[in-house]
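Step one of this worksheet: look at the structure below.
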Amino acid sequence: MSRLRRIAVKAVTSVVVIVAAASVTFFAQLAVPGDRANTLMNLQTGQDKKWSVDELAPLNERFGFDDPVIVQYLDYVTGLFHGDLGTSYTQKRPVTEVIGGQLLPSLTLTGAALLVAWALALGITLLTVKRGRFLTSLGTTWEALTASLPHYWVGVVLLVVFAVQLRVFPIIGGTSALGTVLPVLTLAIPLAGFLGQVTRDEFEQVLQQPFVTTARTRGMSDLGVRVQHVLRHAILPAITLSGWALGALVSGAVIAENIFGRPGIGQVLVTAVNTRDLPTVSGIVLVVAAIYVVANLLVDLAYAIVDPRLRAA
Amino acid sequence: MSTLTVTRAVHLPKVGTVLSLLVVAFVVAAALVPGLLVDGSPTAIDLKSTLEAPSWAHPFGTDDAGRDLFTRVVHGARESLGIGLGATALAFVIAIGLGFTAALAGRVVDAAITRVLEVAFAFPALLLALLVIAVRGPSLATSIAAVGIGSAPGYARMIRGQVLAVRQAGFIEAAAALGHGWFTVIRRHLFPNAMRPLVAVATLGVGQSIVWASALSFLGLGVAPPSSEWGALLDAGRLHITTSWWLEILPGVVIVLVAISVTSLGRTLQNRLGGAAR
Amino acid sequence: MKARTAAVLAAAVLATASLSACGSDPAAGGGTPKAGGTIVYGHVQEPPCIFGGWIQQAYISRQVLDGLVTLAEDGTVKPWLATKWAVSPDGLKYTFTLKDGVKFTDGTPVDAEAVAWNFDYWENKGGNSTAKVSIDPYYKAAKAIDASTVEIEFNTPFPPFLTLATQGYFGIQSPTAFKSRTEKENCEKPIGSGGFTVKEWKHGEEVVLAKNPGYTSWPATAKHEGPAIVDEVRWKFVADGVSRYASLSTGESHVVYEVPTVNWKDAQSRYQTIRYITPGKPVSFYINTRTGPFTDAAVRKAFAYGADRKSAVEAGFHGVIPYEGNPAVSQATPGYNAEVAKAYAYDPAKANQLLDEAGWTQRNADKVRTKDGKPLTIKLVYGSGFIFTQEGATVLQVLQEQWKQIGFDIKLIPATQAELWGGKYTDPSTFDATPSYWTSPAPSILWIVWRPSTTEKPNGSNRSFYNNETLSAVIQQANSEPDATKANDLYGQAQKIIQDDAAGIGLYTQNSTYAVAQNLKNVWLEKSQGEPVFSDAYFTG
């Protein structure tokens, strides 16, 4: 009962959170110096000049730039509740459509990267933690090394080695399965190192716990202990970390998409910020925020299931 | 509770620690007194010796303006390390404030801050950075602010979680029962216990911040030229990777080396701290 | 059936190949032509709409929309949708006769009404601000005389009009389609009469162009007669230079734009390469003559003398992109004054002398010159990542180092698109020098850039804030001079005035470079703006 109520409350406040996220973006973008109509005119002409009031009048009229800020804001928020994220200033089509087409490739990329990162991290940790000095230091060195790799350096190097030199993967693979491999690895390798470092700590602690010793004395195999007891206990911070990792991944996706010329929300975002396409920027933040909020609810649920201690809280 | 106990195991062999110390010492020296390590100016051009491969005279080779890459890397240490330390410090200041307030100031405040953090967390750090840069224009200070603000929400959530977890442990109540004031409890028990596991996160954060700053440079939004901030070097070397590999690979190796060293030292430190606390 | 198509095709290609036999064009014909196939083209920037007033839009709209006239290699204007034209004796009326039977791809005719509607749309309805500014304020009206005759009227004679109308911005669209469809459809799939139609736009990835099988309106400069030989062009957006160039070697693309200059030599040895020097304003510095140290012409001249711009350009662009000493127009522009370009060759002694004479005699601790205690600091704002690539940024850094030697403290300020285009640096107090370019096939670009800015008629494009009545008079005289030689002479004088007063400082020519796979022939660049033309291209067996 209480858990359901908690989640219901959370779901309701989530709507507030999402609108707040969009609002913050809306006002942050307004704080950018310069005139939106002027930017649009320059964007349409490739110039960097200041246009006259007359020349800008049609654009101001069309997008309501002359309206008081509060009117623009209310229009925007009202639109949100009708599922209308506005019209892109530059692409002249609904923002829902601009984002819609780009969301899936980005989600595929980040989702796959998160899975691959966990597989790599857990695999290496399980195999090397408390397995003698050599294997352990091999594992930790690998983690320290990969965690320190800059995303885009990994991307550029992977691209040059595997696509340009060895020609194993396409260079401009778009959203094809083969073309997705290198972008996923670009995001997953550094993340796996980072996750590995954290899960290793958890594993080591758990392996020292009395119940592990008990399990061993009961005759459980080393692998059995590792998988059944240790993994289960290490999963708690792992869930929290996954939430964090998603944020890092979306940021990393901007870079991976840029290097590999892959369509996605990251590319759209950078362009939109650069061209001050306010409805698109707000729309993307809104959608990403919504995804996170849902992910957060799931994390809460998962937490309550995995760790009974937190249920009451 | 199990998340509190800090591991005593030393991961890296002593050799690793010594090497890490050497690397960090070198970089700190480069940041403070670059003149000790290299002679020339990082911006000195020599159009007669452009794009030369690494040699005795130019250990890291030269770039397309004939500038010595090693000199540039050494002089870039100040900005890169500065961004790494500055951004992490900024992030932790913000995160500690928010995290502790959320965990300790009661249910309503906690709910509010948690929601705000969710909003902030919902912004991918890079978008937050992009917005900061769009408003302020690219510069060293903007890079620090952008990376710092961008990574703060994540830390704040971790800190809040840690503080809550520490609070759950009985000894805080015990300390309170013994008549210690709240501030004392926070300072002597809550803070050290909640923060200790985050030492690793913080040191990793320095490495991550250097990496993030280089990402901004990669998007053309970093420190203004002719700065030789390491990310800017990577960005400049990108076009050359198939023709003059050293311009892209060597600065990358430096970033990775420094990040590993900082991290491993942080972990060693963490282990020592953990041991001392017992 | 198929064999016959190929035979006809071969004949057509051969016929035109002999016409263009001068053959310096490296991507010219040869080999056994094969019908069909898909060209994958690696471009850099993705435009917001297919057509518009930005060169990035002209590149792609050229594939879909036909113009009235086109520019030949020798700089003469040739027929396209218009088969012939006449200019009234007073120079005020241009009467175009349209090609018979041409249809837009929506089936409606390309008639005089349609052409007149397009002019009205560009000039009066905000349809294309670059088309507008190109012929502003000379343009008066366009009207259909009969179905195949259209008349464009001007306020004052404006001979550069024909040349300017060859730009991609003047692509003719179907008014019927435009008026009956949504804004989005018009943005993504404009309807023209061109060799290709937009089949699909996968945003963030590519635009798929499909052959227009009913194409009848190829320009007089085309290398074959008939519809496009290939079936499709996949116009991909590949921002990363390394990927773009490497995709050629793996066969993932057949043509790439903007070959990284470090790879240019390699490209020349492995592929067909085309380099196009853009006419119009080169990449040159606007010098703020209204506020700051550059109000003193001597300081501007010292700035020009003070750095080895030629060597810097050669280093930054690896000898591929030519230096341009003429700040007003590039060497590819008609009426280019080559003498003017020679001024201000690197002379640090002269620069020092000028600065000493101008009173910048003291030096501070950083060896920066000072006058009345104020340092000689120059704010150099440049568009980072979109006007200036990494290569261009290297050039600026080399210059910065050289200017430092003679006592200038140059602050390089990279500006983002949002900042530069949003107007952060429009005010004279925000910068001292800013480099940029403006492509145009005619020297009348001088009027756009250097027209004096007055309160009644501000000129935001005059980024040097340089109001010179003599210059203004000379350019206006040139713009209305019917005799080309005399006009060019006047344009030359205008360039000299700008250079003599150092109101701008030259840097390098804006280039378009292309590399084309060996098995793809007849890819060529139209002369006006360097847009690639794919409707004549064919694969060899």
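The values are calculated or read from the model by the stated rules, or taken from the named source; none is laboratory data. As the structure is a computational prediction, the values presented were derived from the model and not from experiment. Counting neighbours? That spans all protein chains shown, and the Cβs are built from the backbone with ideal geometry, glycine included. We work out accessible area using only protein heavy atoms, side chains counted, and drop any ligands, DNA or RNA first. Shrake-Rupley method; radii C 1.70, N 1.55, O 1.52, S 1.80 Å.
Computed quantities for the displayed model
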| item | result |
| --- | --- |
| For the stretch C:226-289: accessible area per residue (Å², 1.4 Å) | 25 |
| Peptide ranges C:421-428, A:280-287 listed from the most packed, as the mean C-beta count within 10 angstrom indicates | A:280-287, C:421-428 |
| Under 15 Å from the A:Ile291 label point (7 Å along Cα→beta-carbon), backbone N, the stretch A:146-187 | A:184, A:187 |
| Solvent-free Debye scattering, log10 I(q)/I(0), computed from the Cα coordinates of the protein assembly as shown at q = 0.04 Å⁻¹ | -0.23 |
| Rounded tilt (10° steps) of B:69-104 against the dominant C-alpha axis of chain B | 20 |
| Pairs from C:Lys281/C:Lys424; C:Lys179/C:Lys199; A:Lys50/C:Lys103 whose Cα-Cα separation, in the structure shown, is over 29 Å | A:Lys50/C:Lys103 |
| Label-point separation in nm, A:Phe162 to A:Met220, each point 7 Å along Cα→Cβ | 3.6 |
| Cα gyration tensor shape of the stretch A:96-312, rounded if a/c is under 1.5, else prolate or oblate by comparing a/b with b/c | oblate |
| Packing-based ranking, highest mean first, of C:452-459, A:226-233 given that Cβ atoms within 10 Å are counted | A:226-233, C:452-459 |
| Cα-based helix-to-principal-axis angle, B:14-32 vs chain B, degrees rounded to 10 | 70 |
| Between helix C:390-405 and chain C: long-axis angle, C-alpha atoms, 0 to 90°, nearest 10 | 20 |
| R0 of 45 Å, Cβ-Cβ distance A:Leu74-A:Leu115: FRET efficiency to nearest 0.05 | 0.60 |
| Rounded FRET efficiency, nearest 0.05, which uses the C-beta distance separating A:Ala8 from C:Lys199 and R0 of 41 Å | 0.25 |
| The stretch B:146-181-the stretch C:465-505 distance, computed between alpha-carbon centres (Å) | 72 |
| Helical contribution to [θ] at 222 nm, DSSP H n ≥ 4, -39,500 (n - 2.57), averaged over the protein assembly as shown, rounded to 500 | -17000 deg cm²/dmol |
| B:Ala89/C:Asp136 FRET efficiency (R0 51 Å; Cβ-Cβ; nearest 0.05) | 0.40 |
| Cα-projected label distance for B:Leu37 with A:Leu135, points at 7 Å along beta-carbon direction, nm | 3.8 |
| Heavy atoms of A:Phe65: accessible area, 1.4 Å probe, square angstrom to 10 | 30 |
| Per-peptide average of other Cβ atoms within 10 Å, ordering C:78-85, C:406-413 highest first | C:406-413, C:78-85 |
| Of all DSSP beta bridges in the stretch C:280-509, antiparallel share, percent nearest 5 | 60 |
| Shape box of the stretch C:304-387 [Cα atoms, principal axes, largest first, Å] | 45, 32, 20 |
| Antiparallel content of DSSP bridges confined to the protein assembly as shown, in %, to 5 | 80 |
| Virtual spin-label span in nm between B:Phe191 and A:Ser52, 7 Å along Cα→Cβ | 6.4 |
| Full-stretch length increase - A:Asp66, A:Ala177 - with 0.36 nm per residue and alpha-carbon distance subtracted | 35.3 nm |
